[in-house]
Amino acid sequence: MSNSQALKKSVLWDWLTTVDHKKIGIMYLVAGAFFFVLGGLEAMIIRAQLMFPELNIVSAQAFNELITMHGTTMIFLAAMPLLFGFMNFIVPLQIGARDVAFPFLNSLGFWLFLFGGILLNLSWFFGGAPDAGWTAYVPLSSAEYAGTGLDYYVLGLQISGAGTLIGGINFLVTIITMRAPGMTMMKMPLFTWSSFVSSALILFAFPALTVGLFLLMFERLFGANYFIVEAGGNVVIWQHLFWIFGHPEVYILILPAFGIFSEVLSTFSKKRLFGYSAMVFATLIIGFLGFMVWAHHMFTVGMGPVANAIFAVATMAIAVPTGIKIFNWLFTLWGGRIKFTTANLFALGFIPSFVLGGVTGVMLATSAANYQFHDTYFVVAHFHYVIIGGVVFGLFAGTFYWWPKIFGYMLNETLGKWFFWLFFIGFHLTFFVQHFLGLMGMPRRVASYLDGQGLNDLNFISTIGAFFMAVAFVILLVNIFVARNDKAVADPWDGRTLEWATPTPVPEYNFAQTPVARELDALWYEKMQGNKKLPVAEPLGEIHMPNGSILPIIMSLGLFIASFGFIYATYWVSVIGLGLTLGCMVVRSVKEDHGYHIPVEEIKQDKEVG
Amino acid sequence: MKQLGKLLPLTAIIFLLTGCGELNLTALDPQGPVAQMQLSLIKLSLYIMIIVIVVVFAIFAYVLWRYREKPGDTHIPKQVEGSKTLEIIWTTIPVLLLIVLAVPNVMDTFTLANVEADENSITVKVTAHQFWWEFEYPDHNVIAGQDMYIPTDTKIIVQLEASDVMHSFWVPALAGKQDNVPGITNEMWLEAEHPGVYKGKCTELCGEGHWLMDFRVIAVEPDKFDKWATNMGEPEQEPATQLAETGREVFQASCIACHAVGGVGGNPVAGGPDLTNFGEREVIAGFLEFNDENLEKWLRYPAETKPGNTMPAFNHLDDSEMEALIEYMKGLKVLD
Amino acid sequence: MGHAQHNTDTLPPNPEKATLEGRNKFLAFWFFLGGETVLFASLFGTYLGLRNGTAGGPTAAEIFDLFLVFIMTTILLTSSLTSVFAMLAMKKGNFKQMLVWMWVTVGLGVAFLGLEIYEFYVYVGYGLTFTTSAFGSAFYTLVGFHGAHVAFGIGWIVTLLIRYRKSGLTLTNAPKFYLASLYWHFIDVVWVFIFTVVYLMGIGG
């Protein structure tokens, strides 16, 4: 098939079948933003209910469903895909590649995530959402105590988790084998590095969740007994499996955000990253230690003082590489020329916010004191400080930073600054007081609280802060809409890394000729050498591209259909669904697809237009 | 942002010093050695962390002020690669700070895990149910519901179990929490220095009634505790009034299958709390102020009053039966 | 990259890794096996935590038939060897011989799977089902996951064998056969652990 043929297809068909990492990246961003709004609305209902004592805006049952879905949605369906969106769009550009290693699998990963997310959220309409918390501790999540919502949870997360795993492997291989000539591992931009480590964590963490979800599914649907005490089961096994996945998961989220901050701070202080190799090693150490500390979520479950002490000390150790990163960022700024763009405001705002989240992390790691903190609003405050102050700030910094490259226009800076300040103030207002609520005796996941316990004022403040954040987010949406005619140039921020060397909009083959990276911050290096263009590794020639495919969406749909068969015990539906998926796998395996080539004339034409 | 950032730790200290929150609920005003130890550790960790915060925020504020882009400035800053010395400094100092915190933490972790009995200590077996608490005193052969009576200045060894889902036993003013896990017995200890009523809560999401799964730890002088324990083990006393006698008949007909009084009745599998000393409760169902209206509301509409609980409704009782039942229940006391 | 239909004579010495696509697949597959290792480690951990949770039902020592399992182990280990022969044949460029060895591998895999089903059937006869106890659930889950991997491997290899029965060795199909054989080794290694952890430790108490 030639390229001209591809152009004839409808726009919709093109997006459904695309294997282009940039389009998949945009789909991740759009879907992730949708779920982010959904999770945000759930959060607003939660805070509204807790604004005053003993409110009954929603029932306790509905509240439990809301907190479960808020957590699950934000982690799995918002934060992960939004980061995957940036990783997809940016990493191949940063390493000077034409695509990822497995374009087909990339598309499959996206559709699996999307169908998993939709499946999970359909639970709202079919008998109620899961209500056992995003951690789904047994026995509360077992068949005896929880309804079909938990079946949707188990299967929805299983499907979207498979997509994430595929994505992780894809990025690992892409970053290892697809780098442009000259770009050694130690010349890679930090965002690529952190995406790499994050992908490795996905690879080794998600299978534990896969097993956990399978066990819960088999128990709920097929009568297995892993967690049924009367039948010799053990409920703590679920917690271990969940946190062996769950703790690395928070590093999976935060490391790419760290990468974004590294890019943004470096760009807007016009300095190379201070202590690049220390930053890389700190990232690796954090990734490694991330697997050694899962049980600090379980200090109160009765593991005994030896285990508690070991996991406490191991957890504290993570503060060291994290501290190294904070100081290196500070010294990146030191001596620079700091420009306060919205992207940079988020990166700068991240530093104090995340430090606060980090120090409460160390406090929580103190096992003997953790018995007071555990499962209270102190913990709620802590993880929102690291996840919003870290991950969400990172996503917003990345949004303002890469928006011109991804969507071709500049977001408005005035509205951007309003957005930042409202969000920043609202965020601290919401969550800072929650530390005290926890210590004053407010457990987490309470549907309300009794009057007369001294908890009213701080809860009220917290809810006001949440409204600030909601207003701020609306300003972002307005910004996206009103700024759409402000066309962006290819390199609006005087960038340092290879993505800014591509034209905007980025052609589907990214680089007409594969570039050579001669130094860290390859583009900046050439600029400083007085070169207008990057050196190239090859003469202009025809470019081989992979064909699009509809199979990923059908495969994901198959699993989606099969899930309904499992949930409602109509196994012929499951057989059809699984058959569809396996059938597509066979088709994919049997049908050799060698892609197509873009002729030189077309590339030349693009270059003239660009 | 800078100012706000600087204010944060300051507010933290103010809050801590004033010991905010309701007395006998907050963990910031400990009423026993366990909570005291934990608060000391929290303070130690907070002080160490404030050192970190101050250093980072100071550098941060200085850098932002000193190196902000000034109008017309177009110079290219020197591209500094890094500094080995600095890297070593900001690796070593945090390690030292963490050791200062880790050592007492490890010691405290072992101290808190020491549930060995001493000559005075008593053991309380706490079984958590959706959504109420059962306290068994094996040494005294007593079972109580909702209110956990303990003697002051005595090491209380708490054994935690759960009958359905996971729960968690937390009395912030006396001790941090441990989980009630089905199939496992966890142990912790606590001690109250002064007589008083300390609020306890379930801190592990356990269903609809989770937020109302409160209980009380009532610390009394050892003499009074002995009296309580002895009387709890005795058979029920004859009701004082005729009305209460009638109420007792209603109770025998309607309630005793699930709720024991004076060692009679109840159901260890599907039953509810022991009501031997019900008349001495501060609250009904763990949270309702103790008065006649609330008791009647609870008996007539339990599902609406505390969603998710398994008590059947007794709305079919007529007003005179209800009045008698309430009179009887109010008279269930062991400490008079 | 992958251009179809190379003559066997012109193929490079390591056809499975000759193209970027092949190298990518090779690397990705190793990563995938890394993830699979965590998956099985989690299942092993669960099994070890629950193997004494028999709740009055049959225990491991009471029912395990070590002789049968030993035969199964021998068969699976042999199938690993035959897949090595297949890969040696591929490297020599002898496509026909490779196909034959792969078919032998598949045949041994089917025999293993048949015996495993028979084994389960025997245990169910002793009263140990998936829902009898936590031990039963954990046992059938761990061993069953492995069995499902074997079944998937058989399906995969048979698909390749049928698809490429006449094509000769190409730069496109060489990586596919190579990865399938790698996968086969992996499930073999997992079985060695199952044999040790589940059966030998089960018999020994």
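The values are calculated or read from the model by the stated rules, or taken from the named source; none is laboratory data. Keep in mind that this is a model prediction, so the values were computed, not measured. Neighbour counts are summed over all protein chains in view; Cβ atoms, including those assigned to glycine, are modelled from backbone coordinates with ideal geometry. Note: accessible area is taken over every heavy atom of the protein model, side chains too, but ligands, DNA and RNA are not part of it. Shrake-Rupley method; radii C 1.70, N 1.55, O 1.52, S 1.80 Å.
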per DSSP, antiparallel bridges as share of beta bridges in the protein assembly as shown, % nearest 5, sits at 75
In terms of the alpha carbon gyration tensor, root eigenvalues a ≥ b ≥ c, rounded if a/c is under 1.5 and otherwise prolate when a/b exceeds b/c or oblate, region B:177-336 is oblate
Taking A:Tyr509, A:Tyr568, B:Tyr67 and ranking on accessible area (1.4 Å, protein atoms only), highest first, one gets A:Tyr568, B:Tyr67, A:Tyr509
A chain fully extended from C:Lys92 to C:Met201 at 0.36 nm per residue, minus the present Cα-Cα distance, gains in nm 35.0 nm
For the protein assembly as shown, the dipole about the Cα centre with charges only on Cβ (Lys and Arg +1, Asp and Glu -1), to the nearest 20 debye, works out at 6780
Reported to the nearest 10 Å², A:Leu105 has, with a 1.4 Å probe, an accessible area equal to 60
Here, region A:239-341 modelled as identical Cα point scatterers in vacuum has Debye log10 I(q)/I(0) at q = 0.24 Å⁻¹ of -1.19
Toy charge model, Lys and Arg Cβ at +1, Asp and Glu Cβ at -1: region C:16-204 dipole around Cα centroid in debye, rounded to 20, equals 980
Largest-first semi-axes in Å of the equivalent ellipsoid built from the Cα gyration tensor of chain B are 53, 23, 17
In debye to the nearest 20, the charge dipole size for region A:437-571, taken about the Cα centre with +1 at each Lys and Arg Cβ and -1 at each Asp and Glu Cβ, equals 180
All alpha-carbon distances of region C:16-204, grouped into 5 Å bins from 0, give the whole-percent distribution 1, 8, 16, 18, 17, 13, 10, 7, 5, 3, 1, 0
For B:Val197 and A:Asn531, extending 7 Å from Cα along the Cα-Cβ vector and measuring point to point gives, in nm, a value of 7.9
DSSP beta bridges in chain B: the antiparallel percent, rounded to 5, is 70
Here FRET efficiency (C-beta to C-beta, C:Arg163 to C:Trp103, R₀ 22 Å, nearest 0.05) is 0.95
For region A:346-484, Rg(Cα) over 2.2 N^0.38 Å is 1.19
Trypsin sites (Lys or Arg not before Pro) in region A:506-610 lying in a DSSP loop, each with at most 13 other Cβ atoms within 10 Å of its Cβ, come to A:Lys532, A:Lys533, A:Lys591
Two pseudo-spin positions, 7 Å from Cα along C-beta at B:Ile76 and at C:Phe70, lie apart in nanometres by 7.6
Result: in region C:16-204 the number of Lys pairs with C-alpha under 18 Å apart, spaced 8 or more or on different chains, is 13
In terms of the alpha carbon gyration tensor, root eigenvalues a ≥ b ≥ c, rounded if a/c is under 1.5 and otherwise prolate when a/b exceeds b/c or oblate, region B:122-233 is prolate
Checked against a 20 Å limit on the C-alpha separation, the offending pairs among A:Lys325/A:Lys417; B:Lys224/B:Lys333; B:Lys199/B:Lys306 are A:Lys325/A:Lys417
Counting only DSSP loop positions in region C:73-178, the trypsin sites (Lys or Arg not before Pro) whose Cβ has at most 15 other Cβ atoms within 10 Å are C:Lys92, C:Arg165, C:Lys166
B:Thr85 and A:Val306 label points (each 7 Å along its Cα→Cβ direction) are spaced in nm at 4.6
From the Cα centre of region B:26-81 to that of region B:245-304, the distance in Å is 53
Between B:Leu335 and A:Glu230, Cβ-based FRET efficiency (R0 30 Å, step 0.05) works out to 0.20
In Å, the Kirkwood estimate of hydrodynamic radius for chain A over Cα pairs equals 25.1
Binned at 5 Å starting from 0, the alpha-carbon pair-distance distribution of region B:146-190 in whole percents comes out as 5, 21, 29, 26, 13, 5, 1
Looking only at lysines whose Cα falls under 16 Å of A:Lys405's and that sit 8 or more positions away or on another chain, we get A:Lys22, A:Lys23, A:Lys487
Filtered hits (aspartates and glutamates, Cα-Cα < 14 Å from A:Lys532, offset >= 8 within chain) -> A:Asp491, A:Asp494
For the pair A and B, the solvent-accessible area buried on both sides (1.4 Å probe; DNA, RNA and ligands excluded), in Å² to the nearest hundred, is 8000
Given the candidates C:Val198, C:Thr73, C:Ser137, the one whose Cα lies deepest towards the positive end of the charge dipole of region C:16-204, counting +1 at each Lys or Arg C-beta and -1 at each Asp or Glu C-beta, is C:Thr73
In whole percents, the bins of 20 Å from zero upward hold the Cα-Cα pairs of the protein assembly as shown as 11, 38, 35, 14, 2, 0
Checked against the positive end of the charge dipole of chain B (+1 on Cβ of Lys and Arg, -1 on Cβ of Asp and Glu, about the Cα centre), the farthest of B:Ala244, B:Phe57, B:Gly262 is B:Phe57
Checking region B:24-105 for trypsin sites (Lys or Arg not before Pro) in a loop per DSSP with at most 14 other beta-carbon atoms within 10 Å yields B:Lys78
Along the dipole axis of the protein assembly as shown (charges at Cβ: +1 for Lys and Arg, -1 for Asp and Glu; origin at the Cα centre), the most positive-end residue among A:Val313, A:Val506, C:Val189 is A:Val506
Extension length gain for A:Lys417 and A:Leu41 (0.36 nm per residue less Cα distance), in nm, is 133.1 nm
Note on region B:242-330: C-alpha Rg/Rh, Kirkwood Rh, two decimals, gives 0.92
Sorted list, accessible surface of protein heavy atoms, 1.4 Å probe, largest first, for A:Phe274, C:Phe120 is C:Phe120, A:Phe274
Ignoring ligands and nucleic acids, C:Val158 exposes an accessible area, probe 1.4 Å, in Å² to the nearest 10, of 40
Measure of exposure for A:Ser574: accessible area at 1.4 Å probe, Å² rounded to 10, is 0
Once A:Asp486, A:Asp494, B:Asp164, B:Asp223 are ranked on solvent-accessible area with the largest value leading and a 1.4 Å probe, the list reads B:Asp223, A:Asp486, A:Asp494, B:Asp164
One finds, for B:Ala270 and B:Asn315 with R0 = 22 angstrom and r their Cβ-Cβ distance, a FRET efficiency to the nearest 0.05 of 0.60
Across B:159-167, the residue-averaged tally of Cβ atoms belonging to other chains within 10 Å stands at 3
